[in-house]
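The values are calculated or read from the model by the stated rules, or taken from the named source; none is laboratory data. Keep in mind the model is a prediction, meaning the values are calculated, not measured. Heads up, the Cβs are rebuilt from the backbone with ideal geometry, glycines too, and the neighbour counts pull from every protein chain shown.
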Amino acid sequence: MIGRLWKAECLKIRRKGFWFLAVLGPFGVVALQAVNYGLRKDYLLAQSEDDWGYYLANVGAFTPLALVLGIAILTSFLASIENETNAWKQLMALPVSKAGVYLAKFAVLACLLLVSSALLAGFALAHGLFLDLGGAVPYGDLFRRSFYPFFAALPILALQLWAATVSQNQATPITVGVLGVILTLTAHDLPDWMIWKWPTLRNGWDEPLFSALLGIAAGSLLVLAGMADFARRDVK
Amino acid sequence: MPYVVETKQLTKRFGRQCAVAGLDLNIAKGEIYGFLGPNGAGKTTTIRMLLGLMKPTSGTIHIFGKDLRKERIDILRKVGSLVESPSYYPHLTAYENLEAWRKISGVAKTRIREVLDIVRLTDAAHKKVKHFSLGMKQRLGIAAALLNEPELIILDEPTNGLDPAGIIEIRELIRRLPAEYGMTVLISSHLLSEIDQIATTVGVLAKGRLIFQDSIEAMRRYAQTHVLIKADRGDRAWQCLLASGIRADWRDGRIVLADPSDERVAQAVRTLVRDGFAIYRVEEEKRALEDIFLQMTEGKAG
């Protein structure tokens, strides 16, 4: 059942620019560093002994922002496909469980973001090699900085998906999304329990892995809670 | 006799407002059930509950003899529906829209061609639906409802927004469904004439209550038309008719025949002509649905 729903969702996001956005996000993040290093490469290389580490840290500075912004756009976009002609009623009158529909939508979004994360790793690696940063490529660090933010952002994805699917008016989830972006911008000053801080991978234990693990745990809980609430409601 | 759709005391409240109250619908197999009522009577709310889109506040729904609360997915496998305005994904073609729904219901891919053919959209199959006319979108909605070869098809105001040719076409299509495919049809409308032409059984909903549920023949007796005669020296003509034993009323300068049957009308005209009254008009007065509703509600009260 979930497999069928998944295929239907994949069909529905065609020609809507979802894949374009999934590529644009990581491309933009790396492009910012292309500009940065293009303008003042010598200065930046002089900042640290570990040129690869410094470069990846620079890339990583914009990853959480792109991720949170991307989540807000994609979730709202995905909900708008059903909202546009109120296709919810048509969809839910099919032999499907509401929970299944909700999970399929979450899965499609998570998959898109995962692809974005992989692309981010690829783009960063390519650009790093192009810059000729020297020394061995720190694949571990590259992996952590590309994929951990995705896992750490799962609670935000779950929250935004819930907001987008249960709101009559898409202004509500967009507002939540914009607030989330602002919170992520000020993540430095946020307490550790705020989910918008997690994609920055900064936490009191100084261990990025904790942010990712917390994201997976809290994300799963929030998806289940959102799903339960979605299934309980009357269809729009 | 087992009913395809059977509701017991079906009720839906929105806050303090009662949208549907104590509905006992009975729809037998192979019927075209006309669900009639003015806008806001609760038709769409009822249909949404029948499809499991809304949970009833109280009461039960059985479809194919199964409890909707417990076996919703099983039931919906054999139900097709078009609720309110047609829903579609405008950025996809007609074919892709149907494919998106087919993937979920899991019927054979060839079925898409069949339903496109039934609603005559084959030529437009690969056009994006956003470029469709309203009539085409409506037909696509019906195609979607037919996709899973349903045993029960629920159509909410399916002729809304169609031009006369489109209305006739859809009507012909609906009429074919029980005979050719063994389907049971529930069709809602706020137009008596619409229901009158295709339904075999009628349920009338007013202010959330089912005030009438019977065969179309019984409905027609309620909806009986009046025949009005306008004649030279009208009041004298009226008295002349009464004198000849034809029951009639005098209203707004016209004679209203109590019995609109063909023989009576012919008799009345013959009488008037014979007695030298010039007849200007013999016309049928169609009764507004509201009047019939009023009569039904009064009938219930009295």
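Structural remarks
- Residues that are within 14 Å of chain A (Cβ to nearest Cβ) and either within 22 Å of B:Leu140 (Cβ to Cβ) or part of a strand (DSSP E or B) (or both) occur at least once in the stretch B:20-34.
- Every residue from the stretch B:148-167 that is touching a strand residue (DSSP E or B) at 6+ places or on another chain (Cβ under 9 Å) and of a type in the set (Val, Ile, Thr): B:Ile153, B:Ile154, B:Thr159
- Filter result for A:Ala158 (under 15 Å from A:Ile195 (Cβ atoms) and crowded, with 23+ Cβ neighbours inside 10 Å): yes
- Members of the stretch A:12-30 found to be within 14 Å of another protein chain (Cβ to nearest Cβ), at pLDDT 95 or above and surrounded by fewer than 16 Cβ atoms within 10 Å (Cβ to Cβ), listed by number: A:Trp19, A:Phe20
- Residue selected from the stretch B:56-107 under the condition part of a helix (DSSP H, G or I) and among the small types (Gly, Ala, Ser), by the criterion surrounded by the fewest Cβ atoms within 10 Å (Cβ to Cβ): B:Ser105
- So A:Ala104, is it within 30 Å of A:Lys12 (Cα to Cα), among the aliphatic types (A, V, I, L, M), under 17 Å from the mean Cα position of the chain (by Cα) and part of a helix (DSSP H, G or I): yes
- The stretch A:179-201, subset on the phi < 0 side of the Ramachandran plot and in contact with a Pro (Cβ under 8 Å, 6 or more places away or on another chain), residue surrounded by the fewest Cβ atoms within 10 Å (Cβ to Cβ): A:Ala187
- Restricting attention to the stretch B:112-133, the residues that are of a type in the set (Lys, Arg) and under 27 Å from the mean Cα position of the chain (by Cα) add up to 1.
- Considering B:Arg209, B:Arg139, B:Arg176, the condition of being touching an Asp or Glu at 6+ places or on another chain (Cβ under 9 Å) and either outside the structural domain of B:Trp250 (by TED's automatic domain parsing) or at pLDDT 90 or above (or both) is satisfied by B:Arg139 alone.
- Among the residues of the stretch B:222-260, those identified as surrounded by 13 or more Cβ atoms within 10 Å (Cβ to Cβ), in a strand (DSSP E or B) and free of Cβ contacts under 8 Å to residues at least 24 places away in the same chain are B:Ala248, B:Asp249, B:Trp250.
- Single residue of A:Ala99, A:Ala79 found to be among the hydrophobic types (A, V, I, L, M, F, W, C), within 12 Å of chain B (Cβ to nearest Cβ) and touching a residue at least 40 places away in the same chain (Cβ under 8 Å): A:Ala99
- Test: residue in the stretch A:162-176 that is modelled with pLDDT of 95 or more, surrounded by 14 or more Cβ atoms within 10 Å (Cβ to Cβ), among the aliphatic types (A, V, I, L, M) and assigned to a loop (DSSP other than H, G, I, E, B): no
- For the stretch B:108-139, the candidate set comprises residues that are outside any strand (DSSP E or B) and within 11 Å of another protein chain (Cβ to nearest Cβ); within that set, the residue that is nearest to B:Glu84 (Cα to Cα) is B:Lys137.
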